[in-house]
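Visitor: Below is a structure I'd like to ask you about.
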Amino acid sequence: MPHLVIETTANLGTYPKAQALKELAASLTAHPQIPVEADLKIRFVDVTDFVMGTAPEPRGFVHAELRLLSGRTPEAKSELAARVLEVLQRLTPRPAGVSVQLSVEVRDMDRAPYAKARIDPQ
């Protein structure tokens, strides 16, 4: 915990995932609401089959879902969402003729049923 899952549509071309992972990790772990850097998990999911509306023009999206254990203030969640959006705005490819939407959703995870284990190296 926390988890950041980023969905990107295939029609955006080559997404600079390695750079995005590095920059997102640095930006989020610099925020006081993410005190343990090793707890942050970020991953990309490629979306090949999708629909955006009904118009025929090319469209694509990048959607980030930041999952946090419950208890953070709305202000803290907004700050974290803004950090994610800033990185996505800078790094998302802009293919010619494609309208691209970027979004960040912050979700609370219920603390009570959340389970986690860590396996350290031997």
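Readers should treat all values here as calculations from the given coordinates under stated rules, not as data from a laboratory. Values in this document were obtained by computation on a predicted structure and should not be read as measured data. We place every Cβ from the backbone using ideal geometry, glycine too, and count neighbours over all the protein chains shown.
Visitor: For region 37-111, which fully contained strands (runs of 3 or more DSSP E) count at least 1 residues that are in contact with a Phe, Trp or Tyr (Cβ under 6 Å, 6 or more places away or on another chain)?
Guide: On the way: elements: 41-47, 59-69, 99-109.
It comes to 99-109.
Visitor: Going by the structure shown, is LEU68 touching a Pro at 6+ places or on another chain (Cβ under 7 Å) and closer than 25 Å to ARG118 by Cα?
Guide: Numbers: touching a Pro at 6+ places or on another chain (Cβ under 7 Å): yes; closer than 25 Å to ARG118 by Cα: yes.
The answer is yes for LEU68.
Visitor: Looking only at region 70-108, count every residue that is under 16 Å from GLN33 (Cα atoms) and surrounded by 14 or more Cβ atoms within 10 Å (Cβ to Cβ) and tell me the total.
Guide: Here the count works out to 9.
Visitor: Can you name every residue in region 45-65 that is within 28 Å of PRO113 (Cα to Cα), without any contact (Cβ under 8 Å) to a residue 60 or more places away in the chain and surrounded by fewer than 17 Cβ atoms within 10 Å (Cβ to Cβ)?
Guide: If the condition is that a residue be within 28 Å of PRO113 (Cα to Cα), without any contact (Cβ under 8 Å) to a residue 60 or more places away in the chain and surrounded by fewer than 17 Cβ atoms within 10 Å (Cβ to Cβ), then VAL45 is the only one that fits.
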